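In what follows, a single structure is set out as structure tokens and then discussed.
Read the figures in this text as sums done on the coordinates, not as results from a lab. Note that the structure is a prediction, hence the values are computed from the model and not measured. Note that each Cβ is placed from the backbone with ideal geometry, even for glycine, and that neighbours are counted across all protein chains shown.
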Amino acid sequence: MNLTLHVWRQKSRDTNGSFATYQASGISPDASFLEMLDVVNEELIAKGEEPIHFEHDCREGICGSCGMMINGTAHGPMGGTATCQLHMRHFNDGDEVWVEPWRARAFPVIKDLIVDRSPLDKIIQAGGFISVNTGSAVEANTLPIPKPVQERAMDAAECIQCGACVAQCPNGAAQLFTAAKISHLGLLPQGQPERYERVLKMVEVMEEHFGSCTLFRECEAVCPKEISTEFITRMNKDYLTAQVKR
Amino acid sequence: MQLESKIPPGPIDKKWEYAKSHYKLVNPANKRKYDIIVVGAGLAGASAAASLGELGYNVKCFVYHDSPRRAHSIAAQGGINAAKNYRNDGDSVYRLFYDTIKGGDYRSREGNVHRLAELSVNIIDQAVAQGVPFAREYGGALENRSFGGVQVSRTFFARGQTGQQLLLGAFQALERQIALGTVKQFNRHEMLDLVVVDGQAKGIITRDLITGRIEAHAADAVVLGTGGYVNVFYLSTNAKASNATAIWRAHKRGAAMANPCYTQIHPTCIPQSGDFQSKLTLMSESLRNDGRIWVPKQQGDKRPPQQIPESERDYYLERKYPSFGNLAPRDIASRAAKEACDEGKGIGASGRGVYLDFADAIKRLGRPVIEERYGNLFEMYHDITAEDPYEAPMRIYPAPHYSMGGLWVDYNLMSNVPGLYVIGEANFSDHGANRLGASALMQGLADGYFVLPVTIGDYLAGQLGKKVALDRPEFTNAIADVKDRVGKLLSAKGTRSVDSYHKELGSIMWEYCGMARSADGLKKALGMIRDLRQQYWRDVRVTGEGEEPNQSLEKAGRVADFFELAELMCIDALHREESAGGHFRVEYQTPDGEAQRNDDEFLYVGAWEYKGEGNEPVLHKEMLVYEEVKLATRSYK
Amino acid sequence: MNWFGNFYRSALGKKAVMAVTGVILFGWIFLHMVGNLKLYLGPVHLNEYAHFLRAMGSPAVPESFALWVSRIVLLVCVVLHIHAATVLTIMNREARPVGYRDRDYPSATYAARTMRWGGVIIALFVVYHLLHLTTGTVHPSFIKDDVYHNVVTGFRVWWVAAVYIIANLALGLHLYHGLWSMFASLGVTNARVSKWKRAFATTFAVVITAANVSFPLAVLSGLVR
């Protein structure tokens, strides 16, 4: 199949970018979106031009490196997939495709489609952990955890930190990401001792960098792991409880 | 070069205890005076950096990703082994030790493996305390499943994302230390050289992947947790950026490379579908718990699978290995698939594939049970192939997955270069010639959480006040070397892209140094690799500049190192005139096609010393001593 | 107050304040709507009801006291609601300074996306509504204490009726998203409650809008004279 691509090209953080148009021809419907970009890049290199820079690594939807806006939707039109798992069979021959980097004040563009997502790590540093030093753990089965609780925690823990939630949110909010981590840890018995302190600290750092939630639920729609916005409600509950308690 | 394994004395189950009781210690107040560099933040690197930080050391952690959480450990699906015996099925530390030794085809160190088995139980405790949401029974206790190569259920898992959840546990512990200031994190920094001062590892050279700046960093010890090297095959299950540069640079600075020919080909991956393909996707080994592997009995039978009657199917693993059946170890399952395809029974358009069939399991257990166990894997398969595995059997084929070989380390995980520690997949230590499923996560975390933080003190205790300054010639020379290499790659301005060379190198390696190797093939491959490498340095086209983000340049450096590593892999494979685990030499097989070891001549670790550009590497042998386990022909029949 | 200031400084706190003030305003709007249904019972009933509102609580408290208390509460709610919305909007604009060339909304409802402008329309309408039917400032033939007369003569002007209709449609959309999202802002995770929140929001948004829109329509169509 053949497609026309309009790709955001930007040489560095400090320069202005613009769209460039490329033809992707002879693409197999079985190729992934990234493999399609590989093909385009090989042609660019053959012409002596710089390839389109984009982040990617595992290419099986788990590392969270890849991510781009494809025709105005984070990770493209499929829902529940990262860009690396989006296959070209979901496009039509002759389609015109606009490819843009994640946009948010917290995610400045580094080059082409690569953005700096480090504020997400800062949210984790604020409290996205259980403070237990190596060696001090008790026997694993000492603490029974009801299966539904563990399953729910796992639903939240699946987040791959790709940043699609922020990119898709018109407010550039990182609520889904933050709420997922708060819920993962806050649902489990191990996470109880720091539960309320954690939510206060993580929310504070989140709000330093990101916007606030207006419940559009765009994040949930594009999340490769389909993490539910119910976790945002849960975060709000813990936050309000923590505020009342303090 | 002296290769002293430093296995502690005493009975096998008391060695680690003995070692811990006799290591020199660093006074808690002095720990902050030591700088330790950790390169890589996968399971091994992140757990090590976090644990060292908790102890009070000054840690600098380097990763080339934008966040430590992206390391390829995150992609491990199936699970992690631990000898908890929660299932009351006769598991024990000794059994896990024995299974691992046997699974490794008797090419690993007894002392290391026993320690690994002992620590396996602590890992689960640690991970649970960190909030890793392992699967649970309805009563709230941890759930287990079985995995290839063993007859007990000792594998802990978190859906099909066990690696992800364990890595997040380690990552979160690391982020906690970053917040506390004990660990300084350097993201988007790639290690491009090791700095050795007076024979001791004292620092590294990195390239800042944003600015392109080449920088030196000094420390009292350097820890490499930089993963494996099977991307030398180009198409593998590894992440695209996984590379051998850190360990290869260390090798060129004096660290011995052990058993580089031991690479694991994983039996259950989605077959390649075209030339555009950039990587192969693994389908968790856990699928073999319920899936049955078969090919048509008739050569060239191209009927759709559902139309092939039972009597015309060959469930070859169940036929050849009745007691282990579809759960035969990875090397055996992979080779059996290759044999079936070589006989012309392969399925799919390319003829390089076999069926993994769930029809029986769905009939026996019902679709909901299968959905609960493997739902996300089935979905992933469906996404990639557009085929529904609930309706038609999966098509699978082996793919390069893991490297058992790596930098040589002693019992303390220190390489032959004092002060250079190597952990996780980057070292050679625990898996012998073949790794059992669900053991990689175990080893990475054992090394990082429990072994290295203890053993490193033994070395550091003698290093107080022996810091080196960055203006020493060893640093400035290393920086100059790195800049020179970068400059050469940028100035070749040839005709072909880095990827095109990488693909060509990969296909040579897959053909001649893959699942089956022969002396003739390996010699041929050596010639081809050397020619291609020369052409590469002349003709590669790297676009862009050095002082900016430049993915072509990053790849170019990694592929240059893969060329040299590939050569050493072939040399190692050629010299090892036996078949063992993942290393199968067609000249050495039993009449029924099984691997034939030669314990009389090859019961050793083959560690190679780098002798400079254009010189043959020199082999050093660390003889393997089996005191506990009796050497036997591995049988899974 | 220190605690509240601290709480209100966070965006999550502001959202909670918006939810609480929103609920109070919603409650008032609902009662206002129910009271206005007396329009259909004729001038006596409606004017009696208006008098009751002013006299509420007397003689225990002075006449109009309760009315003024509720007015102050409402005013505080309106101020907080608008202040929080404004500050959050500015925060969100700053958090996403550059948009996309080609924007797709796979999930957001029209109501959700129009909360801000809907809010502005409602605020402007409230000002007009007060000048029109409370103070009579912009009413062509205002008679103090004759609410029925003021309503009927007011709505006979077609464009005034149109303003009321448009504003109430905007109010409906605002309530449709606001009543639903307040559960999230207040952290209501209870599964039984959650199951009903969409139905709750839809029902009240529709009922309030339908009733409020019916008043000018009834006057215009001559049903109410």
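Put simply, the amide H of B:R136, placed in the peptide plane, has neighbours under 5 Å in B:E143, leaving out anything fewer than 5 places away on its chain. Here the range A:118-245 is treated as an ellipsoid with the same Cα gyration tensor; its semi-axes, largest first and in whole Å, are 25, 16, 14. Against the empirical curve 2.2 N^0.38 Å, the C-alpha radius of gyration of chain B lands at a ratio of 0.92. Residues B:S311, C:S10, arranged from fewest to most other Cβ atoms within 10 angstrom of their Cβ, appear as B:S311, C:S10.
Computed 3J(HN,Hα) for the range B:432-441, one whole-Hz value per residue from the Karplus formula 6.51 cos²θ - 1.76 cosθ + 1.60 where θ = phi - 60°, is x, 9, 7, 9, 7, x, 6, 9, 5, 5, glycine and proline marked x. Here B:K31 is the anchor, and the lysines within straight C-alpha reach of less than 27 Å, apart from those fewer than 8 places off in the same chain, are A:K122, B:K6, B:K15, B:K20, B:K60, B:K184, B:K202, B:K466, B:K467. Charge tally around B:F475: other residues with Cβ under 12 Å, Lys/Arg +1 each, Asp/Glu -1 each, net -3. Taking the fewest neighbouring Cβ atoms within 10 Å as the starting point, the ordered list for B:V150, C:V69, B:V354, C:V224 is C:V69, C:V224, B:V150, B:V354. What the Cα atoms of the range B:1-44 give is an Rg and a Dmax of 15.0, 36 Å.
Would you work out which of B:Y98, B:V295, B:Y604 lies farthest towards the positive end of the dipole of the protein assembly as shown, given +1 charges on the beta-carbon of Lys and Arg and -1 on that of Asp and Glu, about the Cα centre? My answer, from the dipole projection, is B:Y98. With a simple spin-label model that places each label point 7 Å from the Cα along the Cα-to-Cβ direction, the separation between B:K297 and B:K24 comes to 6.9 nm. Shielding value for B:543-553 is 5, the average number of Cβ atoms from other chains within 10 Å of each residue's Cβ.
Comparing A:A106, A:A140, A:A174 in a Gaussian network model of chain A where C-alpha atoms under 10 Å apart are linked, the largest mean-square fluctuation is found at A:A140.
Rg and Dmax, both from the Cα atoms of the range A:89-163 and both in Å, are 20.0, 60. Charging the Cβ of each Asp and Glu at -1 and of each Lys and Arg at +1, and nothing else, the dipole of the protein assembly as shown about its Cα centre rounds to 2980 debye.
Secondary-structure-derived ellipticity at 222 nm for the protein assembly as shown, considering helices only, amounts to -14000 deg cm²/dmol, per-run term -39500 (n - 2.57) for DSSP H runs with n ≥ 4. Between the listed residues B:V223, B:Y321, B:S579, the Cα displaced farthest toward the positive end of the dipole of chain B, a dipole computed from Cβ unit charges relative to the Cα centre, is found at B:V223. In the range A:3-111, the C-alpha radius of gyration followed by the widest Cα-Cα span (Dmax) gives 13.4, 37 angstrom. Overall, the range B:267-400 carries a charge dipole of about 340 debye about its Cα centre when +1 sits on the Cβ of Lys and Arg and -1 on the Cβ of Asp and Glu, all other atoms neutral.
Looking at the protein assembly as shown, the pairs of alpha carbons with a distance over 50 Å make up 30% of the total. Across every direction, the projection of the convex hull enclosing the Cα atoms of the range A:74-116 has a mean area of 3.7 nm². GNM remark for chain C: springs join alpha carbons under 10 Å apart, and the peak mean-square fluctuation among C:K38, C:K15, C:K144 falls on C:K144. On the principal axes of its alpha-carbon atoms, the range B:493-605 has extents of 55, 23, 19 Å, going from largest to smallest.
Report the residues of the range B:335-373 in range of a label on B:S518: point 7 Å along Cα→C-beta, backbone N strictly under 18 Å from it. Flagged as within label range: B:335-336, B:338-344. Of the two radii for the range B:308-458, the radius of gyration is 1.09 times the Kirkwood radius, both from the alpha carbons; that is the Rg over Rh value. If the Kirkwood radius is taken over C-alpha pairs of the range B:144-230, then at 4 °C and 1.567 mPa s the Stokes-Einstein diffusion coefficient equals 79 µm²/s. Going from the fewest other Cβ atoms within 10 Å to the most, the residues C:W68, C:W159 appear in the order C:W159, C:W68.
Per residue, the convex hull spanned by the Cα atoms of the range B:1-110 amounts to 200 cubic angstrom.
Shown in residue order for the range B:398-403 are the 3J(HN,Hα) couplings computed by the Karplus curve 6.51 cos²θ - 1.76 cosθ + 1.60 at θ = phi - 60°: x, 8, x, 9, 7, 10 Hz (x for Gly and Pro). Gyration tensor analysis over the Cα atoms of the range B:363-404 returns equivalent ellipsoid semi-axes of 23, 14, 10 Å (largest first, whole Å). Between B:D89 and B:Q306, the C-beta separation translates, for a Förster distance of 41 Å, into a calculated FRET efficiency of about 0.70. For B:K60, the residues whose amide H sits under 5 Å from its own are B:I36, B:I37, B:V38, B:K184, ignoring neighbours fewer than 5 places away on the same chain, with H placed 1.01 Å from N.
Sorting B:555-564, B:260-269 by their mean Cβ neighbour count within 10 Å, with the most densely packed peptide first, gives B:260-269, B:555-564. Note that the range B:210-249 shows a convex hull volume over its alpha carbon atoms of 103 Å³ per residue.
Each of C:G178, C:V79, C:S58 was placed along the dipole of the range C:2-220 (beta-carbon charges, centred on the mean Cα), and the one lying farthest toward the positive end is C:G178. Between C:T137 and B:T633, the modelled label-to-label distance comes to 10.3 nm, taking each label 7 Å out from Cα in the direction of the beta carbon. Each other residue within a Cβ distance under 13 Å of B:A173 adds +1 if Lys or Arg and -1 if Asp or Glu, for a net charge of 0.
Centre-to-centre, using Cα atoms only, the range C:115-150 and the range C:155-193 are separated by 18 Å.
According to the Cα-based calculation, Rg over Rh for the range C:2-220 is 1.00, with Rh computed by the Kirkwood formula. Once the chain from C:E63 to C:H83 is taken as fully extended at 0.36 nm per residue, the excess over their C-alpha distance is 4.1 nm. Measuring r between the beta carbons of A:D93 and C:R103 and using R0 = 22 Å, the FRET efficiency lands at 0.35. Averaged over the residues of peptide B:379-388, the number of Cβ atoms from other protein chains lying within 10 Å of each residue's Cβ is 3.
Here chain A is treated with +1 on each Lys and Arg Cβ and -1 on each Asp and Glu Cβ, and its dipole about the Cα centre works out to around 1040 debye.
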